[in-house]
Amino acid sequence: MKEIRNINILAIESSCDETAAAVVHNGREVLSNVISSQIDLHKLYGGVVPEIASRKHIEKINQVIEEALKEAEVTLSDLDAVAVTYGPGLVGALLVGVAEAKAIAYAAGLPLVGVHHIEGHISANYIENPELEPPFLCLVASGGHTHLVCVKDYGKYEILGRTRDDAAGEAYDKVARAIGLGYPGGPKIDRIAREGNPDAVKFPKANIDGAKYDFSFSGLKSAVLNYINGCKMKGENFDPADIAASFQKAVVEVLVEKSMQAAEDYGMHKFAIAGGVASNTALRSAMEQACAMRGIQFYHPSPIYCTDNAAMIGAAGFYEYLAGTRHGWDLNAVPNLKLGER
Ligand code: KG4
Ligand code: ZN
């Protein structure tokens, strides 16, 4: 990649339940990364309530952006562009970020760059790995998505596989709720699984005929729920740690197997993980081991860059900016935006 001048991007992310803003320098250096999480509010309802998310974003967004600029020690005149997540996500939540980004860009005379949320998750890997360049393979596993993506070049993606039903994070959240751990379930299952026996219960791993890179987690989730109900009906006790560990083993095994199969089939020597589930400790160590065995270089973002944040949008926005992506004042939130669409 040719040397580029100093580009500062203000990035905004509001697609789900975090209101986030960041300033990123040349796509890889995070000058600030401010996240206001709404988790405590949504916890009361066991999941994200879209209407509450939108209202909270409106309340928080100005403050979060001001903090991001202050922490980065920049003003609007030091910026080169405003990047914003415009899909996929909750429409009301996305609209808050998009409207804010348009207002700032218009007022400051800056270009507006719309970013795909998943492209952001993938690009989180650039932040702490200055040497990472495409092509590489990336598993994106979050609360809303489970995608196996071939990153052919900056901004050029081929989706090799995806979930047919629940996302991996969604399965974590639903199982956690069933064993009484609350929302969000991923980090809680991660924690208690360390005390459990992963071989205590044998849960099924779904394979889909004719689509070897596709995933399915709803059968596994139902198997866990049925097991718990069965125990309750028989008046038997069950150990939540054993269930968490056994469920996690089934998820991790299937994610690793399919990812490694794709890496081998496509002759990939670099493999990255991204999204909230990428902060899972069991998944990380299993992937690390599987990659090492095959001589594949393994990349993963720090946990703070795995779950939703705006620094990752700044990283993705930078490469979109270099590629000439510019959006007009008619940019809208696109809740079901496809990866690679502009
Ligand atoms: O990427 P993210 O913040 O939001 C979406 O774009 O969906 O991902 C949130 C998801 C939630 O389902 C959460 O339970 C899961 O990531 N998650 C985890 C862990 N930390 C967050 N899942 C497993 N283990 C974790 N340590
Ligand atoms: Zn996300």
Lys and Arg at +1, Asp and Glu at -1: neighbours of G120 with Cβ under 11 Å from its Cβ sum to -4
Among F247, F238, F203, residue whose mean-square fluctuation peaks in a GNM of the chain (springs only between Cα atoms under 10 Å): F238
Starting from the Cα of I208, step 7 Å along the direction of its Cβ; do the same at N237; then give the gap between the two resulting points in nm. 4.1 nm
I need the semi-axes of the equivalent ellipsoid of the chain: take the C-alpha gyration tensor, multiply each eigenvalue by 5, square-root it, list largest first in whole angstrom. 35, 24, 16
Expressed in angstrom, Rg and Dmax over the Cα atoms of the stretch 134-301 are 16.0, 56
What GluC sites (Glu not before Pro) in the stretch 1-87 are in a loop by DSSP, with at most 14 other Cβ atoms within 10 Å of the Cβ? E3, E73
If you count only protein heavy atoms and use a 1.4 Å probe, how large is the accessible surface of L148, to the nearest 10 Å²? 0 Å²
Would you mind getting me the FRET efficiency between E59 and A107? Use the beta-carbon distance for r and R0 = 25 Å, nearest 0.05. 0.75
Just tell me which lysines come within less than 18 Å, Cα to Cα, of K70; anything on the same chain fewer than 8 places away is out. K60
With the 1.4 Å probe rolled over protein heavy atoms, the stretch 134-301 has an accessible area per residue in Å² of 44 Å²
Between their Cα atoms, which of K43/K338; K212/K338; K174/K205; K56/K156; K202/K234 are more than 23 Å away from each other? K43/K338; K56/K156
When the solvent-accessible surface of protein heavy atoms is calculated with a 1.4 angstrom probe, in what order do Y154, Y227, Y106, Y126 fall, highest first? Y106, Y227, Y154, Y126
In the stretch 210-242, the trypsin sites (Lys or Arg not before Pro) that sit in a DSSP loop and have at most 15 other Cβ atoms within 10 Å of their own Cβ are K212, K234
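The values are calculated or read from the model by the stated rules, or taken from the named source; none is laboratory data. From a predicted model like this one, the values you see are computed outputs, not experimental measurements. FYI the Cβ positions are ideal-geometry reconstructions off the backbone, even for glycines, and counts take in every protein chain you see. Surface areas here come from the heavy atoms of the whole protein model, side chains and all, with no ligands, DNA or RNA. Shrake-Rupley method; radii C 1.70, N 1.55, O 1.52, S 1.80 Å.
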